[in-house]
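The block underneath contains the structure these notes are about, expressed in structure tokens.
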Amino acid sequence: MPDARPVVAVTRSLPTEVEQVLARDFAVRLNEDDHPWSAEELEHGLRTADGLLCTVTDQITAERLAVQPLRTGILANFGVGFNHIDIEAAAVLGIAVTNTPGVLTDATAELTIALMLMVARRAGQGERIVRAGKWQGWGPTDLLGRTTIGRTLGIIGMGRIGRAVARMASRGLGMSVIYFNPSPVPAAEAIGAEPRDSVEAVLAESDFVSLHCPSTPATHHLIDADRLAAMQPGAYLINTARGDVVDESALINALENGHLGGAALDVYEAEPEVPQRLRQLENVVLLPHMGSATVETRVAMGLKAAANLAAFFRGEPLPDPVVAPGVSAPLRPGADRTRR
């Protein structure tokens, strides 16, 4: 007999536990070799699947959504961030869009702290020396870094992840935490974080600056040449938000001319491309967009996406709607789009 279950196309390989749930509940098409889908593959999925479980590597533009005939009724995004999806176009077409908030907060905050410690203590540089067989033994002035204890951490964007970073830094490392957020954050006071009235005020006071703001037209190159110049000499920049929040060329200049002490990045403007000038710098830690990369977190994200798909096909309210079925405008145009 033909399989009457909804057809769900999955654009990337997911943890086995998640794929088993999807195979149980849907007529699922898996990406067996985990290759990033081409534009043609995305368009084929939109034409032939009832639902698409997509990721940050899928650029679902208005042009993609204009395919005919369009069959897909829901885009279940594997991640919190959805700036790779044209949600306005999806809303106009009546396509539901969901995401996976709340399950990757601690993993991303944890990696942010790891990046901050790595760049401050020159851990990446030290590991490269050992791996290259160039270590000549211990010396009292070798690879001297900076301590984070007692320093000031400035956070730009105090959503779930920003607050978790503030909590870990203040309670675990004894750091003073200041932040800028466009709207009030009552919960910040409980973890000892103090607000500032502008991005510039945070930059001027901070030894370390960590970015947790959404990727929107308003935040594109939020950290530009002028704001990098406003940072304290020798300060460090950490970015686990989205690459386009930082003007990458301006950042490279600030690192090369010695104004910044270093940078630690998990995201880039043109992923997976990373500029050669950035890769050549020793005072930079570079990770491959792995903020949520723990087994526990990725399984939880996948199960959330599966739950959104199941609710959609049962005609029930979506657990995590960005665009609800049949709604002509996004429900949360200002939602946190910074994490995957």
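The values are calculated or read from the model by the stated rules, or taken from the named source; none is laboratory data. Just so we're clear, the structure is a prediction, and the values are computed from it rather than from any experiment. Virtual Cβ from ideal backbone geometry, glycine too; neighbours counted across all protein chains shown. Ligands, DNA and RNA are excluded from the accessible area calculation, which covers all protein heavy atoms including side chains. Shrake-Rupley method; radii C 1.70, N 1.55, O 1.52, S 1.80 Å.
Going by the structure shown, is Asp244 open to solvent by 10 Å² or more (accessible area, probe 1.4 Å), of a type outside the set (Val, Ile, Thr), part of a helix (DSSP H, G or I) and free of Cβ contacts under 8 Å to residues at least 24 places away in the same chain? Spelling it out, it is not the case that Asp244 is open to solvent by 10 Å² or more (accessible area, probe 1.4 Å), of a type outside the set (Val, Ile, Thr), part of a helix (DSSP H, G or I) and free of Cβ contacts under 8 Å to residues at least 24 places away in the same chain. In a helix (DSSP H, G or I), open to solvent by less than 50 Å² (accessible area, probe 1.4 Å) and in contact with a strand residue (DSSP E or B) (Cβ under 9 Å, 6 or more places away or on another chain): is that true of Leu278 in this structure? When the stated conditions are applied, Leu278 passes them. For the residues Ala218, Ala190, Ala230, the requirement of being free of Cβ contacts under 8 Å to residues at least 12 places away in the same chain and either touching a Leu at 6+ places or on another chain (Cβ under 9 Å) or under 24 Å from Glu110 (Cα atoms) (or both) singles out Ala190. Criterion applied to Ala218, Ala241 was being farther than 26 Å from Gly150 by Cα, of a type in the set (A, V, I, L, M, F, W, C) and under 23 Å from the mean Cα position of the chain (by Cα), and the one residue passing it is Ala218. Considering the range 73-151, the qualifying helices (runs of 4 or more DSSP H), each wholly inside and each with 3 or more residues that are open to solvent by less than 10 Å² (accessible area, probe 1.4 Å) and touching a strand residue (DSSP E or B) at 6+ places or on another chain (Cβ under 8 Å), run over 87-92, 105-120. Residues in the range 217-235 that are not acidic (Asp, Glu) and not in a helix (DSSP H, G or I): His220, His221, Leu222, Ile223, Met231, Gln232, Pro233, Gly234, Ala235. For the range 38-71, name all the residues that are in contact (Cβ under 8 Å) with a residue 60 or more places away in the chain and open to solvent by less than 10 Å² (accessible area, probe 1.4 Å). Of everything in the range 38-71, those that are in contact (Cβ under 8 Å) with a residue 60 or more places away in the chain and open to solvent by less than 10 Å² (accessible area, probe 1.4 Å) turn out to be Gly51, Leu53. The condition (being farther than 17 Å from Gly262 by Cβ and either of a type in the set (Gly, Ala, Ser) or at pLDDT below 95 (or both)) is satisfied by just one residue among Ala229, Ala235, Ala190: Ala190. Filtering Val10, Val28 for residues that are touching a strand residue (DSSP E or B) at 6+ places or on another chain (Cβ under 9 Å), within 16 Å of Val299 (Cα to Cα) and buried (at least 21 other Cβ atoms within 10 Å of the Cβ) leaves a single hit, Val10. Just one residue in the set Leu255, Leu309 is out of contact with any helix residue (DSSP H, G or I) (no Cβ under 7 Å at 6 or more places or on another chain) and under 30 Å from Ala23 (Cβ atoms); that residue is Leu309. Of all the listed residues (Glu296, Glu256, Glu273, Glu269), the sole one being open to solvent by 10 Å² or more (accessible area, probe 1.4 Å), touching a Gly at 6+ places or on another chain (Cβ under 9 Å) and of a type in the set (D, E, K, R) is Glu269.
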